[in-house]
1. Provide a single number: the residues in region 91-136 that are in contact with a Phe, Trp or Tyr (Cβ under 8 Å, 6 or more places away or on another chain), part of a strand (DSSP E or B) and not acidic (D, E).
2. If I go through region 265-292 residue by residue, how many of them are acidic (D, E) and within 17 Å of A188 (Cα to Cα)?
3. Looking only at region 203-236, count every residue that is in contact (Cβ under 8 Å) with a residue 12 or more places away in the chain and either part of a helix (DSSP H, G or I) or closer than 19 Å to G255 by Cβ (or both) and tell me the total.
4. Would region 139-149 turn up any residue that is in the same structural domain as G206 (by TED's automatic domain parsing), closer than 18 Å to I390 by Cβ, in contact with a Pro (Cβ under 7 Å, 6 or more places away or on another chain) and not basic (K, R)?
5. Suppose we keep only residues that are among the acidic types (D, E) and buried (at least 16 other Cβ atoms within 10 Å of the Cβ) within region 54-95. Which one would you say is modelled with the highest pLDDT?
6. Condition first: part of a helix (DSSP H, G or I) and among the acidic types (D, E). Now tell me which residues in region 406-421 satisfy that.
7. Filter region 204-262 down to residues that are out of contact with any Gly (no Cβ under 8 Å at 6 or more places or on another chain) and among the charged types (D, E, K, R) and give me whichever is surrounded by the fewest Cβ atoms within 10 Å (Cβ to Cβ).
8. For A161, all conditions in the list (1) within 28 Å of I274 (Cβ to Cβ); (2) modelled with pLDDT of 95 or more; (3) of a type in the set (A, V, I, L, M, F, W, C) hold save one; what is the number of the exception?
Amino acid sequence: MIDLRLLRENPDAVRHSQRLRGDDPSAVDRVLDLDARRRASLTQFEELRAEQKALGKQVAKATGDEKAALLARAKHLAEQVKALQADADAAATELDAALAGIGNVVLDGVPAGGEDDYVVLRHEGTPRDLAAEGVPVRDHLELGEMLRAIDTERGAKVSGARFYYLTGIGARLELALLNAAMDRATAAGFTPMITPTLVRPEVMRGTGFLGAHADEVYRLEADDLYLVGTSEVALAGYHADEILDLSGGPLRYAGWSACYRREAGSHGKDTRGIIRVHQFHKVEMFSYTTVEDAADEHARLLALEEEMLALVELPYRVIDTAAGDLGSSAARKFDCEAWLPSQERWLELTSTSNCTTFQARRLGARERTGTGETRAVATLNGTLGTTRWIVAILENHQQADGSVRVPEGLRPYLDGLEVLTPVGKDA
């Protein structure tokens with residue numbers, strides 16, 4: 001939720017942010033109208049309540065016709081007070097709903113536009129010319145089946161489309177990747193966390209995942225719980241309604257969890273293999289920090305993501321995501337996209353978002369300032385490793401015979417294994 005005070009004091013900044021996102025700037029005016037209505041009702045309510053109290057004292061002293069007249073006035077006042085209270089409550093409810101519909105105010109420098117309007121900040125590494133090397137380009141599923149690492153056929157048999165098994169070296173490769181990510185996070189000062197994957201509605205709503213993309217989320221209706229699509233949700237809720245001590249620097253966590261996404265609206269997109277699936281594992285970084293330090297923390301998270309990509313020796317590019325593709329909580333987001341040889345395109349592997357105070361304001365995560373007052377903290381998140389990385393690792397390190405070279409950074413997690421060797425198709 002954006003800062004209502006900011007919206008009152010600088011509505012043009014919020015309108016500008018709405019335009020950059022491709023959202024309706026008139027939503028700002030609706031919030032201002034509802035806020036004015038709520039405050040006017042509360043002012044009148046307080047005035048009449050004060051009159052009510054004063055009238056009560058007069059009634060106690062009055063007699064006869066004067067008392068009857070005062071009692072009639074008191075009854076009328078009570079009705080007015082009740083109506084004003086109801087109007088203020090209704091306006092507050094509408095105000096909360098209207099505020100929830102406004103995305104976080106984007107930061108200066110964020111590109112305007114939608115999904116295709118990102119800005120490429122830099123390229124790192126050079127994609128291999130597999131044809132020049134005499135390597136027939138196989139996609140990750142063909143390679144995974146040759147290695148007996150990925151089984152989508154049985155995944156579909158057991159659970160339906162977009163499910164899979166990672167088997168043998170596939171399972172070991174995911175564990176190697178995620179353990180490497182967790183080691184990297186721990187060395188950088190993040191506290192390792194195994195997080196819940198079921199959360200309450202207020203936590204899911206507080207992180208901004210029940211807005212425009214609510215249809216992406218699995219809900220257990222009987223229990224009124226949601227399955228998370230990222231451990232960001234559980235980590236954001238970890239310090240809900242708490243006052244944090246940030247005097248020693250940011251609080252940093254690295255969450256390992258299973259993640260679930262319905263992938264609604266993605267029909268026909270990346271249906272082959274394990275690029276776009278309903279269930280996967282991920283190590284996610286999450287930081288609580290001051291507003292002043294949020295930009296530096298964002299750069300830190302991006303640097304850690306790039307270290308992991310270098311560890312597994314993937315060519316990638318970094319993009320500055322356009323405002324209309326940020327999601328409601330993020331004020332700025334950088335993605336790292338690895339080269340995908342089989343499709344000759346870039347594939348998103350990491351995202352890191354600066355959510356400023358948007359999530360913390362909803363969830364009540366605060367810090368105490370030097371003056372003794374409390375204020376919302378800033379929250380940030382970033383991917384450090386996920387199942388999808390296997391796609392890029394297999395394709396970028398494939399060899400002519402269908403084997404796959406193991407990146408040196410992962411070898412210590414695979415007992416020194418240097419090459420993944422095909423074992424033929426499953427019988």
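The values are calculated or read from the model by the stated rules, or taken from the named source; none is laboratory data. Since the model is a prediction, treat every value here as computed from it, not as a measurement. Cβ coordinates were reconstructed from backbone atoms using ideal geometry, including for glycine residues, and neighbour counts include every protein chain displayed.
1. Going through region 91-136 one residue at a time, the tally reaches 2.
2. First, pick out the residues of region 265-292 that are acidic (D, E): 270, 284, 292.
Adding the requirement that they be within 17 Å of A188 (Cα to Cα) leaves 284.
Counting residues in region 265-292 that are acidic (D, E) and within 17 Å of A188 (Cα to Cα) gives 1.
3. Residues in region 203-236 being in contact (Cβ under 8 Å) with a residue 12 or more places away in the chain and either part of a helix (DSSP H, G or I) or closer than 19 Å to G255 by Cβ (or both): 23 in total.
4. yes
5. Initial filter on region 54-95 (among the acidic types (D, E)): 65-66, 79, 87, 89, 94.
Going one step further and asking which of them are buried (at least 16 other Cβ atoms within 10 Å of the Cβ), we end up with 87, 94.
On the way: D87: 82, E94: 87.
Per the stated criteria, the residue is E94.
6. So the first thing to find is which residues in region 406-421 are part of a helix (DSSP H, G or I), and the list is 408-414.
Residue satisfying the conditions is E408 alone.
7. E221
8. Only one criterion is unmet by A161, namely (2).
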